[in-house]
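Data block below; observations after.
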Amino acid sequence: MAYDVQEIARACDLALRRLDMVTANLANAQTPGFKQEYLLVTGGEGGTEGVKEERVTDFRPGALQTTGNRFDLAIEGEGFFVIQQANGLAYTRRGDFTLDRDGYLVTQAGERVRGTGGPIQITGGVVGFDRDGTVLVDGAAVGKLSVVRFKDQRLLTRNASGYFETNQQGEEVREPVIKSGFLEASNVSVLKEMVNMIDVHRTVEAYQKLIQTIDNEDKQSTGRVGRLA
């Protein structure tokens with residue numbers, strides 16, 4: 001049987017990219033608010049030529065888990081928190097926030113969380129968060145969390161920090177539901193991704209063995225030709 005080595009190599013390369021994605025999902029299974037990704041492959045009927053690949057993010061919400069930490073915030077329903085990064089705004093469902101030494105509400109990496117009027121700075125005594133995202137200090141409102149949504153979530157892309165970016169203009173969610181003392185868990189199904197990892201590993205191994213077999217057959221053929229000559 002004749003094999004197309006380039007076709008096999010392309011199929012193996014595709015399987016390796018799937019493996020990278022599954023590995024990333026498993027690595028972030030315990031990351032609050034993480035959204036799993038998968039590789040959507042279309043076209044290439046009968047082979048890999050003409051195959052189109054698309055990274056797709058599963059934006060279904062994860063389960064809410066209680067932490068008891070008032071600065072842990074979860075969005076119940078639609079929307080994203082807005083994060084101020086050095087190169088612009090980014091968006092996330094991860095809400096394990098804290099205060100920096102200047103009193104700003106920040107991510108674990110120290111990036112400021114945006115409110116409807118800009119970065120949220122908290123000074124004073126007892127801090128709390130209303131269900132609509134209003135920030136309270138000693139019972140008085142000092143700001144409100146910005147929670148935005150997008151018309152087309154498929155246009156959101158994940159950046160190196162794990163946040164989402166887009167050229168779309170975010171629309172403020174008028175009545176967000178914020179739960180203080182909770183975090184949204186990752187939506188990764190560990191069992192499903194473990195099964196996927198085993199499946200992809202087997203596929204990669206099969207392709208690698210096939211490539212090795214073809215390579216050995218080529219060497220044997222070359223040797224026979226050399227002896228005949």
For this session: Could you figure out which of (1) surrounded by 15 or more Cβ atoms within 10 Å (Cβ to Cβ); (2) in the same structural domain as D199 (by TED's automatic domain parsing) isn't true of Q84?
Result: (2)
For this session: Please determine, by comparing only the residues of the range 121-158 that are surrounded by 14 or more Cβ atoms within 10 Å (Cβ to Cβ) and either part of a loop (DSSP other than H, G, I, E, B) or not assigned by TED's automatic domain parsing to the domain that holds Q108 (or both), which one is nearest to the chain's Cα centre (by Cα).
Result: L156
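Residue-by-condition table, conditions (1) touching a strand residue (DSSP E or B) at 6+ places or on another chain (Cβ under 9 Å); (2) aliphatic (A, V, I, L, M); (3) under 24 Å from S161 (Cα atoms):
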| site | (1), (2), (3) |
| --- | --- |
| N69 | yes, no, yes |
| I75 | yes, yes, yes |
| T92 | yes, no, yes |
| G103 | yes, no, yes |
| G124 | yes, no, no |
| D130 | yes, no, no |
For this session: State all residues of the range 13-30 that are at pLDDT 95 or above and either buried (at least 20 other Cβ atoms within 10 Å of the Cβ) or basic (K, R) (or both); if no residue qualifies, say none.
Result: V22, N25
Exercise. Out of curiosity, is G162 part of a loop (DSSP other than H, G, I, E, B) and exposed (fewer than 14 other Cβ atoms within 10 Å of the Cβ)?
Worked result: no
Problem set entry | In the range 166-184, the residues that are surrounded by 16 or more Cβ atoms within 10 Å (Cβ to Cβ) and more than 15 Å from G33 (Cα to Cα) | T166, G170, V173, P176
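Checking the condition more than 18 Å from K35 (Cα to Cα), out of contact with any Asp or Glu (no Cβ under 6 Å at 6 or more places or on another chain) and not β-branched (V, I, T), which residue from D100, D152 passes?
Values: D152 fails: more than 18 Å from K35 (Cα to Cα).
Residue meeting the stated conditions: D100.
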Exercise. Could we say that E54 is buried (at least 18 other Cβ atoms within 10 Å of the Cβ), touching a strand residue (DSSP E or B) at 6+ places or on another chain (Cβ under 8 Å) and not hydroxyl-bearing (S, T, Y) here?
Worked result: no
Exercise. Given (1) outside any loop (DSSP other than H, G, I, E, B); (2) of a type in the set (V, I, T); (3) within 30 Å of L16 (Cα to Cα), where does V113 come up short, assuming only one miss?
Worked result: (3)
Seminar exercise, completed: Residue set A141, A109, A74; condition of a type in the set (A, V, I, L, M) and without any contact (Cβ under 8 Å) to a residue 24 or more places away in the chain; output residue A141
Exercise. Of the residues that make up the range 31-42, is at least one more than 30 Å from V135 (Cβ to Cβ), buried (at least 16 other Cβ atoms within 10 Å of the Cβ), at pLDDT 95 or above and out of contact with any His (no Cβ under 9 Å at 6 or more places or on another chain)?
Worked result: yes
Exercise. Considering T107, T166, which residue is over 21 Å from L73 (Cβ atoms), modelled with pLDDT of 95 or more, under 19 Å from the mean Cα position of the chain (by Cα) and not assigned by TED's automatic domain parsing to the domain that holds R17?
Worked result: T166
For this session: Could you identify the single residue in R112, R94 that is in the same structural domain as T166 (by TED's automatic domain parsing), modelled with pLDDT of 95 or more and out of contact with any Ser or Thr (no Cβ under 8 Å at 6 or more places or on another chain)?
Result: R112
For this session: Determine if the range 79-102 includes at least one residue that is over 26 Å from the mean Cα position of the chain (by Cα) and without any contact (Cβ under 8 Å) to a residue 24 or more places away in the chain.
Result: yes
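The values are calculated or read from the model by the stated rules, or taken from the named source; none is laboratory data. Computed from a predicted model, the values in this text were never measured in an experiment. For neighbour counting, all protein chains shown are included, and Cβ atoms are generated from backbone atoms with ideal geometry for every residue, glycine included.
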